1. Non-local amide H neighbours of Leu373 (under 5 Å, H modeled in plane, Pro and chain starts lacking H): which ones?
2. Hey, got the dipole for the chain? About the Cα centre, +1 on K and R Cβ, -1 on D and E Cβ, debye to the nearest 20?
3. Apply the Karplus curve 6.51 cos²θ - 1.76 cosθ + 1.60, θ = phi - 60°, to the phi angles in region 454-465 and return the couplings in whole Hz, x for Gly and Pro.
4. Just to check, using Stokes-Einstein with a Kirkwood Rh over alpha carbon pairs, what's the diffusion coefficient of region 398-479 at 10 °C and 1.306 mPa s in µm²/s?
5. Any chance you could get the radius of gyration and Dmax over the Cα atoms of region 87-150, in Å?
6. Taking K and R as +1 and D and E as -1, what net charge do the other residues with C-beta under 12 Å from the C-beta of Pro281 add up to?
7. At 0.36 nm per residue, minus the direct Cα-Cα distance, what do Glu658 and His55 gain on full extension? Give it in nm, one decimal, please.
8. Calculate the translational D of region 15-75 in whole µm² s⁻¹ from Stokes-Einstein, where the hydrodynamic radius comes from the Kirkwood formula applied to all Cα pairs, the temperature is 10 °C and the viscosity 1.306 mPa s.
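The values are calculated or read from the model by the stated rules, or taken from the named source; none is laboratory data. Treat the numbers as computed from the prediction; the structure is a model and nothing was measured. FYI the Cβ positions are ideal-geometry reconstructions off the backbone, even for glycines, and counts take in every protein chain you see. Each accessible area value is taken on the protein alone, full model and side chains, heavy atoms only, with ligands, DNA and RNA left out. Shrake-Rupley method; radii C 1.70, N 1.55, O 1.52, S 1.80 Å.
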Amino acid sequence: MSRSAQAMMANTIRGLAMDAVQKANSGHPGMPMGMADAATVLWTEFLKHNPHNPHWFDRDRFVLSAGHGSMLLYALLYLTGYGLSLDDIKNFRQLGSKTAGHPEYGHAAGIETTTGPLGQGVSNAVGMAIAEKWLGAQFNRPNYQVVDHYTYVICGDGDLMEGISHESLSLAGHLELGKLIVLYDDNEISIDGSTDLSMTEDVLARFAAYGWHTQAIDGHNLTAVQAAVRLAQLETARPSLIACSTLIGFGSPNKAGTASVHGSPLGEEEIKLTKERLEWPQEPFYVPEETLEFGRLAVDAGSQAERQWKELLEGYAAEYPKLAAQFGAVMRDELPEGWEKHIPVFEAGKGMATRASSGKVLEGIVPHVPSLLGGSADLTGSNKTRTSQMKGFQGDNETGNYLYYGVREHGMGAIMNGLALHGGVRPFGGTFLVFSDYMRGAMRLSALMKVPVIYVLTHDSIGLGEDGPTHQPIEHLMSLRLMPGMQVLRPADANEVAVAWQIALKSQGPSCIVLSRQGAPTLDRTVYAPASEAWAGGYVVRDADDPQVILIGTGTELSQALAAAAMLADEGIRARVVSMMSWELFAAQTEAYQESVLPSGVTARVSMEAGATLGWERYVGAKGKAIGLDRFGASAPAEELYKVFGLTAEAMVAAAKELLNA
């Protein structure tokens, strides 16, 4: 590999980063300038990828976790032939541009994940590495390594400061993810100044304690970078950290090594001086033709690598036809035909907690959906996320389909994003609803990227009882409903739980399945509407001729609404009961359907949900009443708490009468 060609490519990246940030008058030039050398070596000597097919399944994954340095990635994508143009580079950070301020998944080919919130990208990469290892263990056979790629990351000090990195990178070491290689931009600068202001630990010792292989190198020495990556590849039992000592803003005579080059344009005069020092032409956005030719060598190399892989697949299919067919379906993220037939149908009766019925649904479907990879943040028994057939994924059992995340909600959320982004995996993970706060950053990115992650959130209300207000969610349902693109499903009984799982597994974006600790009666569907109508989000579960009042419930509170309707009927008051399992699905229905469920002519409406009432005015209207909880709970048995806080059928009856008599 020509070191002079690599050096010229690195300087091209520096020039593009300086000029793009200057033209936009916004951005972060320092990191791309500092990591240009290491990134060039990685992309031109090691990264297995095909710019003409960015979704090739066995490509190496590259994650720029330090997403503020986005111009580094954009320059690499442009130079190696991913379809970005020089005009795209010039349009950096402008409205509608493919080159957004931080890398945005789906905006441009070659961006594997949305990064910018620090620590998320490197945690996504842990999920990608888990996916590679898990799928390889299932499908690889002697002489047929059909899943065989690395996950590479460039991260910075900010990534390693964020608590999420401690969670995910600790788990990576425990799981022996030998194909995860992280290049750490060790430039000792953050926004506030020197990292010594806030971070003085021995980073390599920290990673060694995690069970990682570690190296420290000069990040501007191309040969040292090459040698370090090769050594990391030889380490198969441990993930690798390569601490690249770099100078932020490399080349800038007055700003290199300072915080001022981190997040601000260099300025026209400093760019002029920097290009002089680098012996680089002053022409803005200058790209040498030989550098473009050098970068575009990736196209032929990648096409050849993919062709060889496809030839391998042909031999694999001939020798292992059934396995190859299953692998093809997994790569296409297809659900197996007929998997829904294994979902149990629950008989009417006393019922069970919806978390328990969720566990029974999983018991039925997990053996028939091989791409499912479950887990829990140390709450497996409470979340009911592990079935009797599931085995733990560990270093000594790479085919296990259950992840013990430990008490790491934030890490779990980001790792599940990485699993889904990798492809071939349908991840679900559980914790208590109240602890969704801990992984909210990752959940938000699930919604932003529209990746099909399933969050199993149990203990959904004060109904969890004695654990008290620290564990009792109040505002959480509304908070999650506020998140654009997040589908929140709060089923009322076991058969609605079965529908919720079908909806979540067929969704193209993230879903929260919100489940109870306390029991919920299984409704007699010969009396009430079939649970299949929950596909619409909200539906009439019990009707009355010419209803005078509409009672709306979700989750375990639907049974209170049904009891209230029966009590009102005894007094000659006609009540319709609506199950509102998902606001998002209901809002997606036609206006005609919504009107058929909630006719505008019936203004006497009462909702009940064991959580914050803010937002329920959307469905109860200005003349209706929302019964809920706008204060923290208390430690006591669930049935006592429901009575004390007025979450009862009697309260709904009283509210309905008050509205009718107003």
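1. Arg426, Phe428
2. 860 debye
3. Using θ = phi - 60°, the values come out as 10, 9, 9, 10, 9, 6, 7, 6, 4, x, 6, x Hz.
4. 118 µm²/s
5. 16.4, 50
6. Taking every Cβ under 12 Å from that of Pro281, the sum is -2.
7. 211.1 nm
8. D = 126 µm²/s.
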